[in-house]
Amino acid sequence: MSFDLKNLVATRMGENYDLHTRHLNPMLVEVLRITGFDKVYVRAEGAYLYDSGGQEYLDFLSGYGVFAMGRNHPTIKKAICDTLDLDLPNMVQLDCSLLSGLLAEALLKKVPSHLEAIFFCNSGTEAVEGAIKFARAATGRSKIISLKGCYHGLSYGSLSVTGSANFQEGFGPFLADVARVRLGDLEGLEKLLKKENVAAFLFEPVQGKGVNYPSDDFYEKSQALCRAHGTLVICDEVQSGLGRTGKWWGFQHWNLEPDIVTVAKSLSGGFVPCGAVVTRRAIYQKVFSRLDRAVVHSSTFGRNNLAMACGLAALDVLENEKLIENSAALGQKLREKLDALRAKHSLIKEVRGKGLMIAIEFHEPAQLALKFTWRVLHRIDHGLFAQLVIVPLLSQHRILTQVAGHNMDVIKILPPLIITEKEVDYFVNAFDEALQGCRRFPGPILELARNTAFRRLKRKDRPNGSETKPAVVRS
Ligand SMILES: Cc1ncc(COP(=O)(O)O)c(C=O)c1O
């Protein structure tokens, strides 16, 4: 056997960023270098990443939320090994595989009983594409309404409803029949629904970008309006589902009864791309409505054995390790402890979230010196402050976090659902210290801002250099 992956990894580890500069995305490499995020992680376990020196990093990003069960979970790893050991036939396509049937059965036990049918795909954006197609096929209508500030993925249908200029720029035209309403704008929604041409109202129960959700009964009233006007309700649970918000599904915080639910991210425990559209049987039948339409919507790798086996193991882990209960309990603890820091740091405007999907929003502080720093930073770039909080969290405290969206003073944390009080306390103390750093003027934060601005100016001067924001922003 000539191919030896372990040897390949051992001999080439460390070339990561050079390889990416040459063959993949040099812009990403530059952003990571500017911000000091250009670490070479060589191992991962549970809530931690490790570099070649054995240094430990607390992962409060969890791969944009896919590692809810922690990294390299032994139960899910074993499911992969067992699947390979069994030499099962995979993706025969013109058959019905056992594992996809079993995962469908297991997942349907976790959703309300009116949802009875599943379509498996390979990612969140693919699940959203499927949901849009299902809604159109079932209603015979074309319009999709989404929420301002939403994020549903970056393929064309999903990007059309996402409606963020930062992601859309340069890629138009998009799906034409799309409208967006502000979160909470019931009147605006009703005006659109009344035209009775709307296939679906699509929303993330807890928005990934900024971690926003209504504090009133907007969702409940929206659902009632949708029912009254023949519009389907799609809950995009790609990020908020599977325990992330302290319940199995985000929509359960508002007792909603969605017609379609999209799932992905941690469905396979982070090992194999996997997504799902979960819906009413009647909607499903409208899509796969005749013998000649039996595969009218499909994806070659959907239902593949490794994804299905991982899904089965991941659901088992969520249940047996009581991770949803842990998400609710530790999420509350984390929010309370972070909220208590507001008394000490006037920079903190609000701590919000559900379960372990948490945002910390900043605002202009009261103290004069800090106010000045704040204004200088915002003059340089509108999303810079949050960036300059996550940088020392990594460089000084070895904690991986993210900014919560473009041009906002918000950071987001998505820890794996397996964390304990140890990780909660470590994060809260580190965050406290990182904010203390903002008080020193000109402190490390301003220094970093200056460096960042300088690098960006240099880039602008290059003949073909576009301006680069030093941020990797996803929802
Ligand atoms: C709510 C939501 N929908 C859809 C997507 C797209 O998922 P993917 O990146 O797997 O395509 C995301 C990704 O972050 C998401 O948060």
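For Lys209, go through the aspartates and glutamates and keep the ones whose alpha-carbon is under 17 Å away, minus same-chain ones fewer than eight residues off.
Reachable aspartates and glutamates: Asp236, Glu237, Glu350, Glu361, Asp409.
Averaged over every viewing direction, what's the projected area of the C-alpha convex hull for segment 77-211? Give it in nm², one decimal, please.
11.5
Label Glu187 and Arg22 with points 7 Å out from Cα along Cα→Cβ: what is the distance between them in nm?
Label at Glu187, label at Arg22, 6.1 nm between them.
Taking the mean number of other Cβ atoms within 10 Å as a proxy for protection, how do you rank 410-420, 97-107, 233-243, 300-310 from highest to lowest?
233-243, 410-420, 300-310, 97-107
Among Val206, Val42, Val278, what is the fewest-to-most ranking by other Cβ atoms within 10 Å?
Val42, Val206, Val278
Counting each pair of different Cα atoms once, what's the Kirkwood radius of segment 140-214 in Å, rounded to one decimal?
That comes to 12.7 Å for segment 140-214.
So for each of 219-229, 134-144, 181-191 I average, over its residues, the number of other beta carbons within 10 Å; can you give me the resulting order with the highest mean first?
Going by the mean number of other Cβ atoms within 10 Å, highest first, we get 134-144, 219-229, 181-191.
Suppose a student asked you for the relative contact order of the chain, using Cα pairs under 8 Å spaced at least 6 residues apart; what percent would you report?
The normalised contact order for the chain reaches 19 percent.
Pairing the Cα long axis of helix 218-228 with the longest principal axis of the chain, what angle in degrees results, from 0 to 90 and rounded to the nearest 10?
Relative to the chain, helix 218-228 is tipped by roughly 20 degrees.
Can you give the translational diffusion coefficient of segment 114-165 in µm²/s, computed by Stokes-Einstein from the Kirkwood radius over Cα pairs at 37 °C and 0.692 mPa s?
Working: Rh = 11.8 Å.
Rounded, D is 278 µm²/s.
What length, rounded to one decimal in nm, is gained on full extension from Lys194 through to Lys6, with 0.36 nm per residue of separation minus their alpha-carbon distance?
61.6 nm
Considering the Cα trace of segment 336-404, what is its radius of gyration and what is Dmax, both in angstroms?
Cα radius of gyration and Dmax of segment 336-404 are 12.6, 35 Å respectively.
Which order, highest average first, do 377-385, 153-161 follow once you tally other Cβ atoms within 10 Å for each residue and take the mean per peptide?
Packing order, densest peptide first, comes out as 153-161, 377-385.
Calculate how steeply helix 124-139 sits against the longest principal axis of the alpha-carbon atoms of the chain, using the helix alpha-carbon long axis, and give the answer as 0 to 90 degrees to the nearest 10.
Helix 124-139 sits roughly 40 degrees off the main axis of the chain.
Given the DSSP H assignment, sum -39500 (n - 2.57) over each helix run of at least 4 residues in the chain and divide by its residue total; what's the result at 222 nm in deg cm²/dmol, nearest 500?
Roughly -13000 deg cm²/dmol at 222 nm, from the helical runs in the chain.
For segment 37-86, how big is the tail of P(r) above 17 Å, as a whole percent of Cα pairs?
Here the tail beyond 17 Å accounts for 43 percent of pairs.
Could you work out how far helix 26-35 tilts from the main Cα principal axis of the chain, as a 0 to 90 degree angle to the nearest 10?
Its long axis makes an angle of about 50 degrees.
Hey, for a label at Leu108 modelled as a point 7 Å past Cα toward Cβ, could you say which residues of segment 230-260 have their backbone N under 18 Å away?
Residues passing the 18 Å test: 258-260.
Set the bar at 25 Å for Cα to Cα. Now go through Lys109/Lys194; Lys39/Lys344; Lys333/Lys412; Lys77/Lys412; Lys143/Lys286; Lys265/Lys286 and name every pair that lies beyond it.
From Lys109/Lys194; Lys39/Lys344; Lys333/Lys412; Lys77/Lys412; Lys143/Lys286; Lys265/Lys286, over 25 Å: Lys109/Lys194; Lys39/Lys344; Lys77/Lys412; Lys265/Lys286.
For the chain, just list the percent of Cα-Cα distances falling in each 10 Å bin from zero outward, please.
So the P(r) values, bin by bin, are 4, 19, 28, 27, 16, 5, 1, 0.
The numbers here are math on the coordinates, done by the rules we state, and not lab data. Computed from a prediction, not measured in an experiment: that's the story for all the values here. Reconstructed Cβ throughout: ideal geometry from the backbone, glycine too, with neighbour counts over all protein chains shown.
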